[in-house]
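Novice: Quick one: this structure, given as structure tokens, is what I'll be asking you about.
Computed from the coordinates by the stated procedures, all read-outs in this text should not be read as laboratory data. Please read all numbers here as calculations on a predicted model, not as lab measurements. Note: ideal-geometry Cβ built from the backbone for every residue, glycine included; neighbour counts use all protein chains shown.
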Amino acid sequence: MMNKLRNISVPILLAAAVLCLAVMPAAGTAPSNAIDTDHWVYRAIDAWAQRGLLAGYPAGTFEGPETLTRYEAAALTLRAAQGVGQSLQAQGARLEAVAGESQEEAAIEAEVAAIERGPGVYAEDIAMLEKLVAEFRTELAALGTRVDDLEALLAGMDKRLAKVEDEMRRHQLSGYIQFRFMEDEAHAASNFAVRRARVTLTGPVSGKTSYKMQFQADKETGRRTVLRYGWIDLDLSARSRLRAGQAQLPMGYEVLESSSARLEPERAFVMDRLFPDQGDIGLQWHRQSSPSLPAIDIAVVNGTGINASDDNDRKDVIAGLLLPYPSGSFAVAAYEGRTGTGPTAQDKDRLLAGIDIGNRTTRLRGEYVTGRDLGEAIAGWYARVSQKMTASGTFYLKYEEFDEDRGRQGDLFQRWSAGWVEELDPRTRLTLAWETRNVGDAFSEHEDFDGDAAVLQLQAKF
């Protein structure tokens, strides 16, 4: 993929650097037509300086004199050519390095996405440089610059930028299908089903903006195709991001985990009941300086799930913290919300704590949630241990329970589940799972979850 991304010619960059040293006008030549801060040339130079593309100047507003001579502007044009070239060279080198590293596909995709959304060079930069060279041909020649060579350099940079953009501006189509056979004592008949079919489109929009759209068709949608997620990511800095749209809730582990990555066929009941869509519409702010440091998430959402309008004038608020450490991480999150209006309005609050520890072969993960839902005090938790038994096979054992009203007896849901996950190849997974459920007579969904169940599922990713 990266063979066509090559570094900009070092001799050319060195030549540009040498040219940048010629910052004084030739002897006996008088500057004319001073360029002030309102001039289009000055604004272009200042814009490059703010983006860190002006060689020899730190990123920030250009703090030069209020007026420039044409010779000074010409010299700064050379500095801009050098800075743009270096940035373009770095982009190509980083993409090549990431593609060449020995790491898992998901890690490579994450690294490339970070590069795509980072500061970069655009076709408009090359076009502006060409315009400036045309404007200052006389001054550049007086500074000892071979203008023809500089124009050839810019033409070459334009071609290289086009190649980099071909790699960077890839709109990626991905998705997965889960085909399932299920034998469930809670239902009269066993059945075949397409449990989930989802298609995702992602890609960069600009140097700081990217998007994601995911469409799904499953039993929750009545097999209709609907928009599950659709958001815009705006990088506020190298460490923080603003997400706007319909997105996953930043709550612990299972809510954020894709159904294609989860070992068991379904989430723990407490997660499906308290976060039924695992997503909502609103704004999310995320900050993390590096993968080894804490991650902070703050979100303001409608509180009604995906593809739904708010049912009251009060938004729901989420705050989450993920604390990584060498063998895993610890997660805490708080959800404060409300549903309905008037005398029927009810609090919808959750406190979550979770832990994920282990190594490549053995892992333990668990989450506990407490709070209020539908006017009642609730609590639920799960714990799962997984063990990689072969190069392609993993065994897991999971226990979970949910109390939908802590002040009432006989409403406890309990489930033991065990399964084997076989990776037939990197894109195809076979899951065999069994579960036994103990459901109190007062549990509101008693009939739907009573008895044992067995699941055979084949998943294909693309």
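Novice: Give me Ile306, Ile357 sorted ascending by neighbouring Cβ count inside 10 Å, so fewest comes first.
Specialist: Ile357, Ile306
Novice: Now a separate question. Let me make sure I get this right: for segment 169-212, a, b and c are the square roots of the gyration tensor eigenvalues over alpha carbons, sorted descending. Under 1.5 in a/c it's rounded, otherwise prolate if a/b > b/c, else oblate. Which is it?
Specialist: Prolate.
Novice: Which three extents, in angstrom, do the Cα atoms of segment 303-462 have along their principal axes, listed largest first?
Specialist: Result, largest extent first: 57, 38, 30 Å.
Novice: As a footprinting exposure proxy, order Trp420, Trp48 by other Cβ within 10 Å, with the fewest listed first.
Specialist: Trp420, Trp48
Novice: Normalized C-alpha radius of gyration of segment 218-319, against 2.2 N^0.38 Å?
Specialist: Ratio of Cα Rg to 2.2 N^0.38 Å: 1.14.
Novice: Using the alpha carbon gyration tensor of segment 383-462, what are the three equivalent-ellipsoid semi-axes (square root of 5 times each eigenvalue), largest first, in whole Å?
Specialist: 32, 13, 10
Novice: What percentages, rounded to whole numbers, describe P(r) for segment 172-461 computed over all alpha carbon pairs with 10 Å bin width beginning at zero?
Specialist: Each 10 Å bin holds this share of Cα pairs: 6, 24, 35, 27, 6, 0.
Novice: How would Tyr42, Tyr325 line up from fewest to most surrounding beta-carbon atoms within 10 angstrom?
Specialist: Placing the least packed residue first, the sequence is Tyr325, Tyr42.
Novice: So what J values fall out for segment 126-133 if you push phi through Karplus, 6.51 cos²θ - 1.76 cosθ + 1.60 with θ = phi - 60°, rounded to Hz, Gly and Pro as x?
Specialist: Result, ordered by residue: 5, 4, 5, 4, 4, 5, 5, 4 Hz.
Novice: Measure up Lys398/Lys461; Lys131/Lys212; Lys212/Lys315; Lys208/Lys348; Lys208/Lys398 against 32 Å on the Cα-Cα distance and list the ones that go over.
Specialist: Cα-Cα > 32 Å for Lys131/Lys212; Lys208/Lys348; Lys208/Lys398; rest within.
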